[in-house]
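Scroll down for the structure; my scribbles are underneath it.
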Amino acid sequence: MTGANGSKKVMLAVEHLRAYYVMRYFGTQREVRAVDDISLEVGRNEIYGLAGESSSGKTTFVKTIAAAIRPPLTVVGGSIRYSFLDRDIYRLDRAALSSIRWRHLSYIPQGSMNVLNPVRRVRESFNDFALPHMGLPKQQFSNAVIAHLERLQLKPSVLDAYPHELSGGMRQRVAIALATVCRPDFIIADEPTTALDVVVQKSVLELIREAQREIGSSMIFVTHDMAVHANISDRLGIMYAGRLVEEAPTAEVFRNPKHPYTQHLIASLPRIGDNSPRTALTGAPPSMADPPSGCRFHPRCPLAMDICRELAPEMIAADPHHRVACHAVNPVVRPGGEQMFAKNLGQRSGLVQ
């Protein structure tokens, strides 16, 4: 697959994806719209960062694109296509799905104990997940695993340890090694550094970046920590209340945030030598069971207009390679010819100095 402009090979194309938690209580159906109409592309050898506060739908999104969902989570619309598949991932049967996992599509979870069996040695986890996909004799496979661990600065002795015998940082390194040993085409990393202290976090981020470059994989990297994204992501998407609200190269997002929510995220970061107070964003994220009409950010937005309450904004290219879903950035023309927009976005919001 190639991008819309033909300039890059697209490894993942998500179009108008909707994934809801559909629950029924006493004959009444209730939907939680955790992922609601998201479209994005991830290119070859690219790390695409996904940011947003808790409950914005990030984890639900990556579970959905990994085809790792269970009821009540249901895909109700859209498509998910990888370059190594000839069809949407949800059109694969169980056997075909199992054949691509770890070999073509792998996953680094938030907690290493979500993938490592606590009552089995680490070596057995590699045998369970990687051996069937690599098609090597047992001894040759063992040698390949040891060589891979050494490239990732891990000693072969970790293979003989139980997960509880390793530190949190070491277990996360093992999880990264497990996710990359088959040299997959695409890696999904769901907040892999959240539970680590900053020193260990730095080394784990370096390890992820080195592994991604060494095997040439594409990656979606999820975290709410904007500082982490500044260090690892090539391109950054900002999620709010189940929708993508802004997307651009990471440096561009930090230098020129356009959506008021992104402006708040950037403005909330501490800066060396800046002791001025930070302005908190008023209100709270909406309930996905009953989201507000129009733009879901409008109840908290300092730039909200009438049209924001009526019409959900589309993700439109405000600049080359910079998409934003905001009526204040992308004016809407009413039938009478009236343009509804706000000028001097950053100045009016008071979030960007």
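At a glance:
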{"quantity": "Per-residue ³J(HN,Hα) for the stretch 14-29, Karplus 6.51 cos²θ - 1.76 cosθ + 1.60, θ = phi - 60°, Hz, x for Gly and Pro", "calculated": "10, 10, 6, 6, 10, 10, 10, 8, 9, 10, 10, 10, 6, x, 10, 8"}
{"quantity": "Distance between the stretch 294-335 and the stretch 95-127 - C-alpha centres, whole angstrom", "calculated": "41"}
{"quantity": "Amide H contacts under 5 Å for Gly43, placed H, 5+ residues apart", "calculated": "Met11"}
{"quantity": "Rounded accessible area per residue of the stretch 163-310, 1.4 Å, Å²", "calculated": "40"}
{"quantity": "Sequence of His259, His104, His298 when ordered by accessible area, the most exposed leading, probe 1.4 angstrom", "calculated": "His104, His298, His259"}
{"quantity": "Beta bridges by DSSP in the chain, antiparallel share as percent, to the nearest 5", "calculated": "65"}
{"quantity": "Per-residue SASA entry for Ser55, accessible area with 1.4 Å probe, Å² rounded to 10", "calculated": "110"}
{"quantity": "Surface accessible to a 1.4 Å probe, Asp197 within the full protein complex, Å²", "calculated": "90"}
{"quantity": "Placed amide H near Tyr240: partners under 5 Å, 5+ positions off or other chain", "calculated": "Val245"}
{"quantity": "Qualifying aspartates and glutamates (Cα of each under 15 Å from Cα of Lys155; at least 8 residues distant if same chain)", "calculated": "Glu165"}
{"quantity": "Taking the chain and dividing mean pair separation by its residue count, relative contact order in percent (alpha carbons under 8 Å, at least six apart)", "calculated": "18"}
{"quantity": "Top positive-direction residue, dipole computed over the chain with Cβ charges, set Gly135, Pro277, Cys295", "calculated": "Gly135"}
{"quantity": "FRET efficiency, 1/(1 + (r/R0)^6) with R0 25 Å, evaluated for Glu15 and Leu311 via beta carbons", "calculated": "0.75"}
{"quantity": "Distant-in-sequence amide H partners of Val76 (H built 1.01 Å from N, under 5 Å)", "calculated": "Arg18, Ala19, Tyr20"}
{"quantity": "Solvent exposure ordering (accessible area, 1.4 Å, most first) of Thr282, Thr74, Thr193", "calculated": "Thr282, Thr74, Thr193"}
{"quantity": "Inter-centroid distance (Cα atoms) of the stretch 215-268 relative to the stretch 48-77, Å", "calculated": "17"}
{"quantity": "Per residue value of the accessible surface for the stretch 1-120 (all protein chains in place, 1.4 Å probe), Å²", "calculated": "51"}
{"quantity": "Per-residue HN-Hα couplings for the stretch 270-276 [Karplus 6.51, -1.76, 1.60; θ = phi - 60°; Hz; x = Gly/Pro]", "calculated": "x, 10, 4, x, 9, 9, 5"}
{"quantity": "Where Tyr261, Tyr21 fall by accessible area, highest first, once all protein chains stay in place (1.4 Å)", "calculated": "Tyr21, Tyr261"}
{"quantity": "Given Lys58/Lys202; Lys138/Lys202; Lys58/Lys258, the pairs whose alpha carbons are separated by over 24 Å", "calculated": "Lys138/Lys202"}
{"quantity": "Fraction of accessible area attributable to carbon and sulfur, the chain (%, probe 1.4 Å)", "calculated": "50"}
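The values are calculated or read from the model by the stated rules, or taken from the named source; none is laboratory data. Keep in mind that what you see is a predicted model, and the values were worked out from it rather than measured. Glycine gets a Cβ as well: all are built from the backbone with ideal geometry, and neighbour counts include every protein chain shown. When the accessible area is computed, the model is the full protein with side chains, heavy atoms only, and any ligands, DNA or RNA have been set aside. Shrake-Rupley method; radii C 1.70, N 1.55, O 1.52, S 1.80 Å.
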